[in-house]
1. Out of curiosity, is residue 608 in a helix (DSSP H, G or I) and farther than 30 Å from residue 57 by Cβ?
2. Criterion first (crowded, with 21+ Cβ neighbours inside 10 Å, assigned to a helix (DSSP H, G or I), out of contact with any helix residue (DSSP H, G or I) (no Cβ under 8 Å at 6 or more places or on another chain) and touching a residue at least 40 places away in the same chain (Cβ under 8 Å)) does residue 91 satisfy it?
3. Tell me the residue from 538, 575 that is closer than 30 Å to residue 112 by Cβ and out of contact with any strand residue (DSSP E or B) (no Cβ under 8 Å at 6 or more places or on another chain), please.
4. Please pick out the residue among 75, 100, 80 that is touching a helix residue (DSSP H, G or I) at 6+ places or on another chain (Cβ under 9 Å), surrounded by fewer than 19 Cβ atoms within 10 Å (Cβ to Cβ) and assigned by TED's automatic domain parsing to the domain that holds residue 163.
5. Could you tell me whether any residue of the range 255-274 is part of a helix (DSSP H, G or I), within 30 Å of residue 435 (Cβ to Cβ) and within 18 Å of the chain's Cα centre (by Cα)?
6. I'd like the full set of residues that are out of contact with any helix residue (DSSP H, G or I) (no Cβ under 7 Å at 6 or more places or on another chain) and closer than 16 Å to residue 274 by Cα, limited to the range 187-226.
7. Determine, yes or no, whether residue 329 is within 20 Å of residue 711 (Cα to Cα) and crowded, with 24+ Cβ neighbours inside 10 Å.
8. In the range 113-147, what residues are in contact with a helix residue (DSSP H, G or I) (Cβ under 7 Å, 6 or more places away or on another chain) and within 21 Å of residue 163 (Cβ to Cβ)?
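The values are calculated or read from the model by the stated rules, or taken from the named source; none is laboratory data. This one's a predicted model, so the numbers in the text were calculated from it and none came from an experiment. When we count neighbours, we look across all protein chains shown, and the Cβ atoms used for this are built from the backbone with ideal geometry, even at glycine.
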């Protein structure tokens, strides 16, 4: 049947090629609908509890996505006329940033003071050029002693300051973030040109959002050509001719175009994980072609003509490449169980690409090979190497069994050394400007990690209740006592300052008002005096029934963030039972994501394992050999995580999908080796040792080449500046390399050991 099908393909080769290209172009047309998601919320599913809490916080209080200008005067003095002029200019012009709703700095900080019975509210710095030295010292003393400013907009040593711009993105267009960040960058450059004696850096959540597409675009420019070049070079060396190389290269491009085009048609948004799909597809798409072309080369060397050799190659390889395609697809589809939607998209696109590569390898490839000229009749390069290695394995099978067992058990024992950790700032390496600037800001000015705590009263106007304010103040002091906390923004600091002001600026009254009506009156008077854009909506809800405390922290691991939040929630439950608290922030969301993703991927991987096992048992026609195949498929990931625990020790969201994803990939070598082994045993009646020799001779080189290509492809992905992709690429490379070693050592040794125990019995599969 396969022979007849292949001959039909060859007979109608031109029609098949044109039809294949037509399908590709129709699919690829969907690429016009691909857009890049530049919102960190893309990593969270709609039912993610941390995301739901975050959305609740955003609806209750003003949104706090931001762009911060970190300003470093070369003189080392923020409180000079020159530096304050820079800060004031940036503050005034930052209002023009698209979607900006608030700008905070030391110059426009709404300083309050008493003048007889009046409350005076004004910018802390009005006209920097007119300030005297005593004025500067007075302003500095106010700023560094103001809890709202120090460790947030001014460093305690007065050497660094910031201008924080709050942006509220409508979320209606994909260019909102790039517009805002581009304007901020232009403003930064304008200020640097105008004031060469300062350094300016940009940080904030909007800048991070913009770093996602920039990191991906950089990968496209640098990594894609490298991967394609490697593939072409490998094919040229292996196949010793242009025909197979050209046909395979075109087939790979067709598979990528089909997958990405269909992604566009289905409405999938591009993201950093999704942008790794083309590299995955091009490295995996080569496998089917290599198996078909290596076998064809073998038959050509034996004297067959080109078309007959392809027919024979299809007969031998069709079932194995179909099964390996199916198992690879099942492995990638397991990513749909991930708690992060971008990995759903990655799994689905990769699955489409792998399926497309199979379809094109059994249609376009034979047709193209038939059309293209071919003069070579030599065997593929390096086949004798695998023959010699096969003899080595046969001669030392017992040693190989023991060595593999000890190494695998040893590496499995150190898997618990891995610590769950996701630091979203470190998703970008030091080559990315956002990462460098964020590290700088965290070291010298303020942290980039924060948690918001919404504290509800349950009644309108309840925030003026002295008992409530006392509880909020106690919670703020608890937070400030924690060593990981850099800054705490709380409305109680404002109430204490207003109470002092309304008592003639007497420092003895720097405490919370003791009467509810008085607190409400102070707040009303203050709010009426605030300019547009600098109100208290970022701290108080519209009904004055809840306040928000923002806690800025040092850069912490996921476990440390979760531990901190657990401690804060426990303190609130024990000490303030009347308050209705909830917490949220991107920091908290990413901290929980890794653990949630691992738990969800355990389900996905388990289902994939069951389906792949059933597929292998059915394909091999043997329950026994189906179960034997599981060992070389499960142990590589286990051993790889052991190596990771010894060398890196941190596992995040990017690595939590590796086991499920690689499960389908590493099966390929096992399937091809076992299919050749069983063919030799069943059809040719060979002994176990000779069957192993046959497998090494017929498919060993193809396994080596495809695995090397896969390892190289994922190692190229490991060069990504985006850590989720680079770590995933690196660990996947390790898994595939280990899988190759195990399939070429442990698997044949197990097969021979099993045959030895059944010696004298007829081979029944």
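1. Yes.
2. Yes.
3. Being closer than 30 Å to residue 112 by Cβ and out of contact with any strand residue (DSSP E or B) (no Cβ under 8 Å at 6 or more places or on another chain) holds for just one of 538, 575, which is 575.
4. 75 is the lone residue from the list that is touching a helix residue (DSSP H, G or I) at 6+ places or on another chain (Cβ under 9 Å), surrounded by fewer than 19 Cβ atoms within 10 Å (Cβ to Cβ) and assigned by TED's automatic domain parsing to the domain that holds residue 163.
5. Yes.
6. Hits for the range 187-226 are 212, 213, 214, 215, 217, 218, 221.
7. no
8. 121, 124, 125, 128, 129, 131, 147
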